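Asker: Pasting a structure here, questions to come.
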Amino acid sequence: PEDTVTNSFASFIHAARPEHLSQTVRQRSKRMILDSIGVGLVGSTTRVFDIALRYCRELYSSVAVSSVYGKPGVKLSPTLAAFTNGVATHSMDFDDTWHPATHPSGAVLPALLAASQMLPPSTKPTGLDFLLAFNVGLEVQGRLMHFSTEAHDIPKRFHPPSVVGTLGSAAAMAKLLSLSSAQCCHALGIAASLAGAPMANAATQAKPLHVGNATRLGLEAALLAARGMEANPLILDDIPGCSGFSAFYSVYQPKPLSTPGQHHEFLLEKQDIAFKRFPAHLGMHWVVDAALSVRNLFINYAGSFSPSLIRTIMLKIPVSKYINRPFPSSEHQARHSFQFNACAALLDGEVGLASFSESSIHRQELRELLDKVVVEHPEDNVANFDKMYGEVALLLHSGDVLTGKCDTFYGHWRKPLSEESLLKKFRSNASHVLPEEKIEAIIALVDNLETLSDSSQL
């Protein structure tokens, strides 16, 4: 039937046109593309990326046409390049975050980059085609997450990009490949059967695979649909007694997606993206800003930061089990630890790439600060990226109490990074693997993406 939720999504994907993207949407999405490339480039220096790349190069042989982040001259098949670059993007948990919670760019961009190199010269997508497909992938992710109130909270059961990201990647690829409405529908259905990853693998080397698989499997779903594979045409609808996409949510209330044009406003128009200033779980950014605030108060109070004057470090954070880690023992655990990030900020006055090195994590002075941490979960501090706050209080041996609180960190969608800050982050990340002239060339290409005649140049 034409009046189904699934069909409305398929029709939206098929009907979307470049002119439906407002200037705001174009500019915000280009910022996302640039940031995601930078995060992927610095992510190509990590051990988990090396494992994924070696796996792809050793175990698979195929037509190698698609480039790999940070590895000049190395090419893989399109699906494996998408997978490897997706792993790089999330390898440090440095990639963008939306609300409801997911990592939207990393699930879509690597597939589009790989496919742009895969397509023959006569059908190469333009930069405008690329930008439209990217935004279709974002829109599908955002709309799917709004189908459930459960999605608005910090996740507990599954990692969102492994679910909505897979369908977002399929939607973006369906658009880039100019699939028919029926094929778009099947691409979403196939992607739903390839989706899902449990939250138990957060804070491990397996977590970056969630984004790598999302972008790769969405690409595969679209390619299979293009070759005639069919799936349930009601996959997004709520059918009693037969779960489709509703299998991922306890409360699921799908709504049709309006046809792009006068009556449709892209979600990116209404809500910006959170860009991270340092490579850690988004929740860490609240406690770091709160810790830096109270550190300044402490220095004004004592003249310098002197841990010996501190009796207790009180953290007031929301309840979220997988990011409440008192004594992390690895870089991935440290990226998911309220306690570690608060103490690292207090001790060093900043949190950055070096904060998560083996030597930094196991410093004796840091461990001594961690021993002083006590956690509280105020009822008004809910596990929701749009409502939570971070508070760090230092209870001193003198009896004095110093407190820092952060309701909205710099980089949050309510307090976006400036263009200067975003470019500084990109240049810093990309400089780990690229010379300056290539870094500036990428910035120029993304900035002028609408005018690019061949998106594979990116």
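The values are calculated or read from the model by the stated rules, or taken from the named source; none is laboratory data. What you see is a predicted model, and the numbers here were worked out from it, not measured in a lab. Glycine gets a Cβ as well: all are built from the backbone with ideal geometry, and neighbour counts include every protein chain shown. The area values use the complete protein model at the heavy-atom level, side chains included, leaving out ligands, DNA and RNA. Shrake-Rupley method; radii C 1.70, N 1.55, O 1.52, S 1.80 Å.
Asker: With an 8 Å Cα cut-off and a minimum separation of 6 or more residues, compute the relative contact order for the range 342-458 in percent. Let's see the in-between values first.
Answerer: Values: 55 pairs, mean separation 12.3, N = 117.
This gives 11 percent for the range 342-458.
Asker: Here's another thing I want to ask about it. Report P(r) for the range 286-325: all Cα-Cα distances, bin width 5 Å, range 0 to the bin holding the largest distance, values in whole percent.
Answerer: 6, 18, 25, 22, 14, 10, 5, 0
Asker: Pull out the extension gain between Asp386 and Thr403, defined as 0.36 nm times the separation in residues minus the alpha carbon to alpha carbon distance; nm, one decimal. Working shown, then result.
Answerer: On the way: separation 17, 0.36 × 17 = 6.12 nm, distance 2.19 nm.
Additional length available on full extension: 3.9 nm.
Asker: Using only Cα atoms, figure out Rg for the range 81-179 and give it as a multiple of 2.2 N^0.38 Å.
Answerer: Values: Rg = 13.7 Å, N = 99, 2.2 N^0.38 = 12.6 Å.
Cα Rg divided by the expected 2.2 N^0.38 Å: 1.09.
Asker: Is there a pair in Lys156/Lys270; Lys276/Lys438; Lys124/Lys255 whose C-alpha atoms are over 29 Å apart, and which pairs would that be?
Answerer: Going by Cα-Cα distance, Lys124/Lys255 fall outside the 29 Å limit.
Asker: For Cα pairs less than 8 Å apart in space and 6+ apart in sequence, what is the mean separation divided by the residue count of the chain, i.e. the relative contact order in percent? If you can, show how the numbers build up before the last one.
Answerer: Working: 929 pairs, mean separation 96.8, N = 458.
Computed value for the chain: 21 percent relative contact order.
Asker: Treating the beta-carbon of each Lys and Arg as +1 and of each Asp and Glu as -1, no other charges, what is the dipole magnitude of the range 282-406 about its Cα centre, to the nearest 20 debye? Spell out each step's value before the answer.
Answerer: On the way: 11 positive and 14 negative charges, 26 e Å.
Result for the range 282-406 is approximately 120 debye, rounded to the nearest 20.
Asker: In what sequence, largest accessible area first, do Glu437, Glu379, Glu368 appear using a 1.4 Å probe? Don't skip to the end; give the middle numbers.
Answerer: Details: Glu437 125, Glu379 180, Glu368 95 Å².
Putting Glu437, Glu379, Glu368 in descending order of accessible area: Glu379, Glu437, Glu368.
Asker: Any idea what the relative contact order of the range 282-406 is, in percent, if you count C-alpha pairs under 8 Å spaced at least 6 apart? Kindly include the intermediate steps, with their values, before the conclusion.
Answerer: Values: 224 pairs, mean separation 52.5, N = 125.
Once divided by the residue count of the range 282-406, the mean separation gives 42 percent.
Asker: In addition: How are the C-alpha pair distances of the range 392-436 spread across 5 Å bins, as whole percents from the shortest bin up?
Answerer: 5, 17, 14, 12, 11, 12, 10, 9, 7, 2, 1
Asker: Given N residues in the range 355-458, what is Rg(Cα) / (2.2 N^0.38 Å)? Working shown, then result.
Answerer: Values: Rg = 21.1 Å, N = 104, 2.2 N^0.38 = 12.8 Å.
That works out to 1.64 for the range 355-458.
Asker: Ok, one more. Report, in cubic angstrom per residue, the convex hull volume of the C-alpha atoms of the range 129-243. Intermediate values should be presented prior to the final figure.
Answerer: On the way: hull volume 12.0 nm³, N = 115.
About 104 Å³ per residue, rounded to a whole number.
Asker: Pop the C-beta distance of Val375 and Ser243 into the FRET formula with R0 = 41 Å and round what comes out to the nearest 0.05. Present the calculation step by step, with values, prior to reporting the outcome.
Answerer: On the way: r = 37 Å, r/R0 = 0.89.
Step by step, r from the Cβ atoms, then E = 0.65.
Asker: Where does the Debye-calculated log10 I(q)/I(0) of the range 18-113 sit at q = 0.14, 0.16, 0.18, 0.20 Å⁻¹, using only Cα point scatterers of equal weight, no solvent?
Answerer: -0.52, -0.66, -0.79, -0.93
Asker: Follow-up question, since we're still on this one. Do the sum for the chain: with -39,500 (n - 2.57) for every DSSP H run of n ≥ 4, divided by all residues, what is the mean residue ellipticity at 222 nm, to the nearest 500 deg cm²/dmol? Show your work: numbers first, answer last.
Answerer: Details: 17 runs with 205 residues, N = 458.
Calculated at 222 nm, the ellipticity per residue is -14000 deg cm²/dmol.
Asker: So, one more: What percentage of all Cα-Cα pairs in the range 282-406 are separated by more than 22 Å?
Answerer: 28
Asker: State the extension gain, in nm to one decimal, for the chain segment bounded by Gln253 and Ala444, taking 0.36 nm per residue of separation less the distance between their alpha-carbons. Spell out each step's value before the answer.
Answerer: Details: separation 191, 0.36 × 191 = 68.76 nm, distance 4.20 nm.
Result for the pair: 64.6 nm of gain on full extension.
Asker: Can you give the accessible area of His186 in Å² (nearest 10), computed on protein heavy atoms with a 1.4 Å probe?
Answerer: That residue has around 30 Å² of solvent-accessible surface.
Asker: Next question, about the same structure. Can you find, among Asn341, Tyr249, Thr403, the residue farthest towards the positive end of the dipole of the chain? Put +1 on the C-beta of Lys and Arg, -1 on that of Asp and Glu.
Answerer: Asn341
Asker: Same structure, new question: Counting Lys and Arg as +1 and Asp and Glu as -1, each charge on the Cβ, what is the dipole of the chain about the Cα centre in debye, to the nearest 20? Write down the numbers at each step before the final one.
Answerer: Values: 39 positive and 43 negative charges, 137 e Å.
With only Lys, Arg, Asp and Glu charged at Cβ, the dipole is about 660 debye.
Asker: Cα extents of the range 225-349 along the three principal axes, largest first, in whole Å?
Answerer: The Cα atoms of the range 225-349 stretch 68, 36, 30 Å along the principal axes, largest first.
Asker: So for the range 301-458: antiparallel DSSP bridges make up what percent, rounded to the nearest 5?
Answerer: Details: 12 of 16 bridges.
Close to 75 percent.
Asker: Additional query: Can you say what percent of the DSSP beta bridges in the chain, counting only those with both residues inside, are antiparallel? Round to 5. Each step should come with its number before you reach the end.
Answerer: Values: 17 of 21 bridges.
If I count the DSSP bridges inside the chain, around 80 percent turn out antiparallel.
Asker: Across bins of 10 angstrom width beginning at 0, how are the C-alpha pair distances of the chain distributed, in whole percent?
Answerer: Going from the shortest bin to the longest, the percentages are 5, 22, 31, 24, 13, 5, 1, 0.
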